[in-house]
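One structure below.
The values are calculated or read from the model by the stated rules, or taken from the named source; none is laboratory data. This structure is a prediction, so every number in the text was calculated from the model and none was measured. Here the Cβ is made from the backbone with ideal geometry for all residues, glycine too, and neighbour counts use every protein chain on show. Remember, those area values only see protein heavy atoms, side chains included, never the ligands or the DNA or RNA. Shrake-Rupley method; radii C 1.70, N 1.55, O 1.52, S 1.80 Å.
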Amino acid sequence: PARHFDTRTTEPVSFFLSGLEELLAWQPDSNDDFNVSAVPLAKRQPPLSSKRPRTLVCHDMRGGYLEDRFIQGSATRNPYVFYHWRYIDIFVYFSHHNVTIPPVCWTNAAHRNGVPVLGTFITEWTDGEKLCEAFLAGGAEAYRAVSEQLARIAQHYRFDGWLVNVENTLSAAAAGNLLPFLQHLTAQMHSAVPGGLVIWYDSVLQNGTLRWQNELTEENRVFFDACDGLFTNYNWKEEHLERTRGLAGPRHTDVYVGIDVFARGDVIGGGFDTDKSLRLIRQHGLSAAIFAPGWVYEHLGEENFLHNENKFWGSLAEYLPTHSICTLPLATSFSLGMGTSRFLAGKEEEAGPWYDLSAQEIQPLYPEREGRLSTSCCLQDAWCGGSSLKVQGTIPPGEEHVAIRLFSLQMPAPHKLFLTLLYKLEGPHPDEFTVALELSTWDSGTCHEGNVTSLPEPNGRHHPRFLPTPPPALAKLLAACDRGSHGWTSRCYELDLQNCSLRDLSLLVSCHQPSPQETPFTCLLGEVRVLDAASVAASPPQVQSLTASQLWWQ
């Protein structure tokens, strides 16, 4: 069927639903298997339920379902990717189709990085009025059927909820059922999907009039009270934020103040001035909804996209609280889910562009310190996948080393950790530097490295011991301890900790001779792994009941 497979190539594709009939006729189908997310939502700290201000990203690009609709990837040159997952809380896939089901590659990439994904249920213009009249103006069974279908769709495809956007006027009869519909949808989502979310867009009012408020008001508050959050329209000024903060009370972090990065209408900021709007929102303790950050790609062009993307998110970093990883193992080769080649074990396996967000790996923090340090993606060389992480910086005059924070962690440390690192030093004098990993722990009187008699590390920084050969039980997994290839260096380490809590994983770059000048370095990171020795030593469960279906032989 054309809905599930591209008519030209027969490849499986992601799809949307149009109109009430398609929504109500939807049911799970064996052709759907490709569209079901295969990646469970990773845990992170702090959880979404914490009361700190959040950041929602609403992705709206050229009508949606572009190359991202190809579930098994495509040969796209310079595709759009998003990878600043550590800085955001919720990802919404937006299009103007009535029922926008997020392409599964986005759900996979977001979930791997701990971010829930929402689809969009939208009605607009005169078609929207007719659609709303059809399911809202009658009895409860009509709107209940719609909310039950929406919850079933999210549960089936394994995404996390809906942004609800009613952008048309409603008859008195339809307006009367709008609130019960939203309440029912929210209850259905909460029971169908663990952590399910419904967010209401500030558009139509309780009486059915279409009038954007740009804030939380007495007229749209009933919708806010009925669901998990309000996404405000974009034309607000500071007084709107003050009133919203007062009216929202203890739920102030459930108000997502809209920022249109394209700066359409009478708005504050946008583009590279988005930080101005974000700063005001945060001063009032509110959450933010960043709409169409694909501006960087659409407006500034595809060629220099990765550089501009780091610049854009770097300019906002001060106002974006980051998230910590809270489970092991942590293993990543930093791939963005795209490339100009495919690499395996440091060797180029296949030249040519590719794009598959489902293959995106866990993404690090992207620290930037003006002139002193930058982390970016390197497409020209990789250990595995399409890219490596390029860390460039300088060691200050007279200093021996510099630490670059890759991941924030928040979890009790196991008694024994194994860490592995694959790296490549670039530049004229690579042998002047040593590269290693550093783990820091939260300060506590009980935390010790090694046995209890050893002294606590100053400020909780631990430098794991270098392992020239892996212990026998791990020889298979850590085969590469001493075996880098194609110019990549491989290192394994171990660390014993007692009663500690992990805090940060950093890359430590040291120069052998401190210099009176600053010393520049460039290091490519190909892979990093942090493993709990106990669970690594246990033999993995055997795969059972393997089946293959939907085969197409070429």
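Charged side chains reduced to their Cβ positions (Lys and Arg at +1, Asp and Glu at -1) give the range 330-536 a dipole of some 320 debye around its Cα centre.
Helix 305-316 and the longest principal axis of the Cα set of the chain meet at an angle near 80°. Considering only beta bridges that DSSP places wholly inside the chain, some 70 percent are antiparallel. Between the Cα long axis of helix 238-248 and the first principal axis of the chain there is an angle of about 80°, rounded to the nearest 10. Once the 1.4 Å probe is applied to the protein heavy atoms, the range 495-550 comes out at 55 Å² accessible per residue.
Checking the table LYS390/LYS476; LYS276/LYS390; LYS390/LYS424; LYS311/LYS424; LYS276/LYS311 against a 19 Å threshold on Cα-Cα, which pairs fail?
Numbers: LYS390/LYS476 28 Å; LYS276/LYS390 29 Å; LYS390/LYS424 10 Å; LYS311/LYS424 25 Å; LYS276/LYS311 15 Å.
The answer is LYS390/LYS476; LYS276/LYS390; LYS311/LYS424.
Which angle from 0 to 90°, rounded to the nearest 10, does the C-alpha axis of helix 125-136 make with the longest principal axis of the chain? That works out to roughly 80 degrees. Highest average first, the peptides 134-145, 67-78, 379-390 ordered by how many other beta carbon atoms sit within 10 Å of their residues are 379-390, 67-78, 134-145.
Express the carbon and sulfur contribution to the solvent-accessible surface of the chain as a percent, rounded to the nearest whole number, probe 1.4 angstrom.
After summing per-atom areas, the C and S share lands at 52 percent.
Each stretch of four or more DSSP H residues adds -39500 (n - 2.57); spread over every residue of the chain, this sum gives -6500 deg cm²/dmol at 222 nm. Highest average first, the peptides 90-100, 163-173 ordered by how many other beta carbon atoms sit within 10 Å of their residues are 90-100, 163-173. Averaged over residues, the count of other Cβ atoms within 10 Å places the peptides 319-329, 193-203 in the sequence 193-203, 319-329, highest first. Taking the Cα centre of the range 233-326 as origin and assigning +1 to Lys and Arg Cβ atoms and -1 to Asp and Glu Cβ atoms, the resulting dipole is close to 400 debye.
Sum up the charges of everything whose Cβ sits under 14 Å from the Cβ of ASP89, counting Lys and Arg as +1 and Asp and Glu as -1, but leave ASP89 out.
Working: positive: LYS43, ARG44, LYS51, ARG52, ARG54, ARG86, ARG282; negative: ASP160, ASP228, ASP254.
Around ASP89, the charge tally is +4.
Contact order normalised by length for the chain, with contacts defined as Cα pairs under 8 Å and 6 or more residues apart; what percent is it? Walk me through the numbers on the way to the answer.
Numbers: 1263 pairs, mean separation 73.5, N = 554.
Relative contact order, the chain: 13 percent.
Label the range 330-536 by shape, choosing from rounded, prolate and oblate, from the square roots a ≥ b ≥ c of the eigenvalues of the Cα gyration tensor; if a/c is under 1.5 it is rounded, and otherwise prolate applies when a/b is larger than b/c, oblate when it is not. Since a/c reaches 1.5 but b/c is at least a/b, the shape of the range 330-536 is classed as oblate.
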